[in-house]
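Here the structure comes first, spelled out in structure tokens, and everything after it is commentary.
Every number in this text was worked out from the coordinates using simple rules, so none of it is lab data. Fair warning: this is a prediction, and the values are worked out from it, not measured in the lab. Note: ideal-geometry Cβ built from the backbone for every residue, glycine included; neighbour counts use all protein chains shown.
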Amino acid sequence: MPAKPNLSLPWPQGRALPDSFFNRDAGQLARELLGKVIRQKAGDLWLSVRIIETEAYYLEDKGSHASLGFTHKRRALFMDGGHIYMYYARGGDSLNFSANGPGNAVLIKSAYPFQDQHSGPESLARMQANNPDANGQIRPVEKLCNGQTLLCKALGLKVPDWDAQCFDPEKLFVEDVGQYPAAIVQCPRLGIPRGRDEHLPYRFVDADFARFCTRNPLRRGQVAGKDYQLLT
């Protein structure tokens, strides 16, 4: 069911996800965030991206930050569902949302630029200006947010601004726009060191956008039932 309209949003009939949406199992949340749209206010523009790739993390999971114990920096992971946890990875910023249960969260791994009446060509141009390629040239749309740090750079999300914060309907929120994946690819997460539960199938990808995520789980050589599962 779509989220109910939220009258506090800047436009009528907007459907920002309530905190209660995030207060669920991390794996379930990771799947159900696919197709949702992150909205970030940048001056007079709303920058928007559709979530296409997520990873779930649990307190007891050796690959999670929370497994290393509570610290002030990791405090958002131990807060109620719907808090923002940001950290630095690979020289950039990464975006996570806390889920149900202390230490459980979802990493927003990749997204795809989203345009509608609230986020048009000017918004896309701003995101491309925020995130040029290595030569300073305009990055293609399909490569603008295909990675956790590229996503944050395109949206202009920074650790000091949003770590351990709540969503703000005037600045940053996640919206249900009524778009849902026809199928979801489930597979092991990326970049987990050997011996730290690298085998756990906690990565979820919108199958229709698989070629635009961090690494295509449906690429040549990958075998259904062995390398991934297709959920419908």
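Look at the range 180-201 and say how many of its residues are closer than 26 Å to A16 by Cβ and surrounded by 14 or more Cβ atoms within 10 Å (Cβ to Cβ). Total meeting the criteria: 2. Condition first: among the charged types (D, E, K, R) and under 18 Å from the mean Cα position of the chain (by Cα). Can you find one or more residues in the range 116-132 that meet it? No, the range 116-132 has no match at all. Evaluation of G101 against the conditions (1) buried (at least 16 other Cβ atoms within 10 Å of the Cβ); (2) without any contact (Cβ under 8 Å) to a residue 60 or more places away in the chain; (3) part of a loop (DSSP other than H, G, I, E, B) shows that the sole unmet condition is (2). Criterion applied to A66, A76 was being without any contact (Cβ under 8 Å) to a residue 40 or more places away in the chain, over 21 Å from Y180 (Cα atoms) and of a type outside the set (S, T, N, Q), and the one residue passing it is A66.
All conditions in (1) out of contact with any helix residue (DSSP H, G or I) (no Cβ under 9 Å at 6 or more places or on another chain); (2) in a loop (DSSP other than H, G, I, E, B); (3) of a type outside the set (D, E) hold for S67, with the sole exception of (2).
With a requirement of 1 or more residues that are acidic (D, E) and under 25 Å from G14 (Cα atoms), the helices (runs of 4 or more DSSP H) lying completely within the range 106-198 that satisfy it span 121-130, 159-162. Among the residues that make up the range 71-94, is at least one of them within 24 Å of N216 (Cβ to Cβ) and among the aliphatic types (A, V, I, L, M)? Within the range 71-94 (the criterion being within 24 Å of N216 (Cβ to Cβ) and among the aliphatic types (A, V, I, L, M)), the answer is yes, since at least one residue qualifies. Could you tell me whether any residue of the range 160-170 is of a type in the set (S, T, N, Q), under 15 Å from the mean Cα position of the chain (by Cα) and closer than 23 Å to A16 by Cα? Looking for residues that are of a type in the set (S, T, N, Q), under 15 Å from the mean Cα position of the chain (by Cα) and closer than 23 Å to A16 by Cα, one finds none in the range 160-170, hence no. When Y87 is tested against (1) surrounded by fewer than 21 Cβ atoms within 10 Å (Cβ to Cβ); (2) without any contact (Cβ under 8 Å) to a residue 60 or more places away in the chain; (3) not in a helix (DSSP H, G or I), only condition (2) is not met.
Here N130 meets each of (1) polar (S, T, N, Q); (2) buried (at least 22 other Cβ atoms within 10 Å of the Cβ); (3) farther than 25 Å from R31 by Cβ with one exception, condition (2).
Among the residues of the range 30-64, how many are part of a helix (DSSP H, G or I) and surrounded by 23 or more Cβ atoms within 10 Å (Cβ to Cβ)? Total satisfying the criteria: 1. If you go through the range 203-232 and keep only what is among the hydroxyl-bearing types (S, T, Y), farther than 17 Å from E32 by Cα and in a loop (DSSP other than H, G, I, E, B), you end up with just T214.
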